[in-house]
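Each remark here refers to the structure printed beneath this line.
The values are calculated or read from the model by the stated rules, or taken from the named source; none is laboratory data. What you see is a predicted model, and the numbers here were worked out from it, not measured in a lab. Cβ placement follows ideal geometry from the backbone for every residue including glycine, while neighbour counts extend to all protein chains displayed.
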Amino acid sequence: MNELDWEKIIKSQILWVIIGFTVGLSVIWWPMLNGSSLFGALFVYIVASIQYAMAARGFVGWVAFLAIILVGMAAITGRNLRSEPAGQAYKLFTSFVIGWGFSRAIIYFLLDSAFFRGSIAILPFMFGAVLLAGVAGNLTINSTKLKGEITPLIVIRKIPILTVLLVSLVLTLPNLVAVAGLLPNPPERPSDGYGSEDSPYEVEEFFLTPEYPDNMTSWWDDWANEQEWNVHVFVPVGLTTESVGVAVVLHGYQGEKVEYYRDTIMSLAGQGLVTIFPQYVSDMDLSSIPADFELNYTLGGSDHPQHLPRYTMALYGVDAGLDFINTDAGISEVLGATKLNTSHMWIGGHSMGAGTTFYVLSELLGRGFGSQSLVVDLEAPWIHSTQVDLMGNMSQLPDHTLIHVVEYEDDIVVEKCIGRWQHARLTARDQSPPLPSNQVLFLQVPSDYHGFPRLMASHYLPSGFVRDSLADHSYYPRLEAQSDFVASSAFGDMASADAAKSWFMNEGEMTDLGSWSDGVAVTPMTIVSSPLELMDGNWDACPQP
């Protein structure tokens, strides 16, 4: 191939579209080349996308204005460079932009159908604006006066660029009104009380790195062996009482980073509970499991071997955290004369952590934890174990136990039957005398797309990286009221404990999620008395035995 051929290839607009497309997809293939799974790469991209979108919300109005300027400038530049030496470079640059924008558009459409569910308007608008700018510049730099009739061949040649133009309009036009700031705003974060920025206590963080035994580390895969597995302890500052209660937070799948749940932990510790966050494995080496193993799901649980390393590591971390609280000089200095009183306990988990809660809770109940006050909170629950030695014994639940099981309307990660069966199991206390129904609440958190930003009740709403107005009203205030109840009970302040209990165990302030800026009420949370009678969802995923 001679030099002229190479020059022709390098100057090919199609080549630069392909290069741009490949670069746009690098957010997926580059992490995978570095050892990440497809799910892991997509999860990181999803988190980053949400963070970018939430940051960009502060510039609503300006984003739409700048997008119009960008598209206009791209078209004007293409027209002005049409007969200039720099025109060739501009053709290749706009081709690259088209390829990059088109790849991001494809990723967005796929993730929107499986995850975003129309909740993010500003992200597709920005992708569409970049793509539209590339198309505008490319069309004007390549435009020539047509001589004679428009032939079918000319139309066919324009199909690719017209297709890209259509995609860019699909991304931008439906979201233009929202991004322009013309829709009602969601309610602001509560200015006082539960969910506000004013917590009774400042919080100090500590952590340790336990030495885990071989019966746990033998399950770790290469990635897990490279990680530092910590237990984080958050301690309220300025306690003056004789005793303080404890909280245990169990994270969801691939939610090992404490930053994902820092807001949750601060909500609990800020109300006066010493809070333990153990990291434990999500993925592991399952090569020791026989190839003919048949996985069975029933009544919101399963017999998967992965429960064993997860649950035992989580409990080991909790025990290490408890020992750390009793022996660390820094924690002792913060607590002063106040002693940890484990008979007052909050315990809960999100997704995988909800399933893990059953085992950890059972083990702690066997030691007398929560014997005076106990709150259990399960958010967007995933399966628990059905193996006898791991499923936990809920007959140990004290008569005073207060429970929330929470389902999110647009949760497409876990089957909704799981939480419904778990609610039934907790209410029945594993076939011992049941708890009163008014002590075991099943809550449904709705989505509301009336204004912008849209309020989406997704699986990840309890994670700090998607904190929005809906989380500020449906999640964090509930946790703070629950924590206040346990903390006040440990302090001996029963008047405050009773007020907190009334707040999170009844309709009213808890279920009211505020109003949009135009006065329309946000769709409230609902308390479902008989969740097993709900007919929606895939019940085949949780069959009865």
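A few comments on the model shown:
- Residues that are in a loop (DSSP other than H, G, I, E, B), buried (at least 20 other Cβ atoms within 10 Å of the Cβ) and assigned by TED's automatic domain parsing to the domain that holds VAL274 are absent from the range 479-502 altogether.
- Against the test of being aliphatic (A, V, I, L, M), modelled with pLDDT of 90 or more and crowded, with 16+ Cβ neighbours inside 10 Å, the options ALA133, ALA178 yield a single qualifying residue, ALA133.
- Residue match in the range 88-105 (condition: over 18 Å from GLY20 (Cβ atoms) and under 30 Å from the mean Cα position of the chain (by Cα)): no
- Taking the conditions (1) in contact with a helix residue (DSSP H, G or I) (Cβ under 9 Å, 6 or more places away or on another chain); (2) among the charged types (D, E, K, R); (3) surrounded by fewer than 23 Cβ atoms within 10 Å (Cβ to Cβ) in turn, ASP472 satisfies each one other than (1).
- Hits in the range 103-123 - residues which are surrounded by fewer than 17 Cβ atoms within 10 Å (Cβ to Cβ) and in a helix (DSSP H, G or I): ILE106, PHE109, LEU110, ASP112, SER113, ALA114
- When ALA521 is tested against (1) in contact (Cβ under 8 Å) with a residue 60 or more places away in the chain; (2) touching a strand residue (DSSP E or B) at 6+ places or on another chain (Cβ under 7 Å), just one condition goes unmet, and that condition is (1).
- Across the range 525-544, the qualifying residues are those that are outside any helix (DSSP H, G or I) and loosely packed, with under 13 Cβ neighbours inside 10 Å, and the one among them that is farthest from the chain's Cα centre (by Cα) is GLN544.
- Scanning the range 169-187 for residues that are more than 10 Å from PRO124 (Cα to Cα) and of a type outside the set (A, V, I, L, M) gives GLY181, PRO184, ASN185, PRO186, PRO187.
- Qualifying residue in the range 476-483 (condition: touching a residue at least 12 places away in the same chain (Cβ under 8 Å) and touching a Pro at 6+ places or on another chain (Cβ under 7 Å)): yes
- Only one entry in SER496, SER489 is of a type outside the set (Phe, Trp, Tyr) and touching a residue at least 40 places away in the same chain (Cβ under 8 Å), namely SER489.
- Test: residue in the range 13-27 that is modelled with pLDDT of 80 or more, of a type in the set (Ser, Thr, Tyr) and outside any helix (DSSP H, G or I): no
- Residue list for the range 407-431, filter: of a type in the set (A, V, I, L, M) and in contact (Cβ under 8 Å) with a residue 40 or more places away in the chain: ILE412, VAL413, VAL414, ILE418, ALA424, LEU426
- Within the range 189-288, helices (runs of 4 or more DSSP H) holding 3 or more residues that are surrounded by 21 or more Cβ atoms within 10 Å (Cβ to Cβ) and in contact with a strand residue (DSSP E or B) (Cβ under 9 Å, 6 or more places away or on another chain): 262-269
- Test: LEU66 is at pLDDT 85 or above, at negative phi and surrounded by 17 or more Cβ atoms within 10 Å (Cβ to Cβ): no
- Some residue of the range 515-524 being among the acidic types (Asp, Glu) and assigned to a loop (DSSP other than H, G, I, E, B): yes
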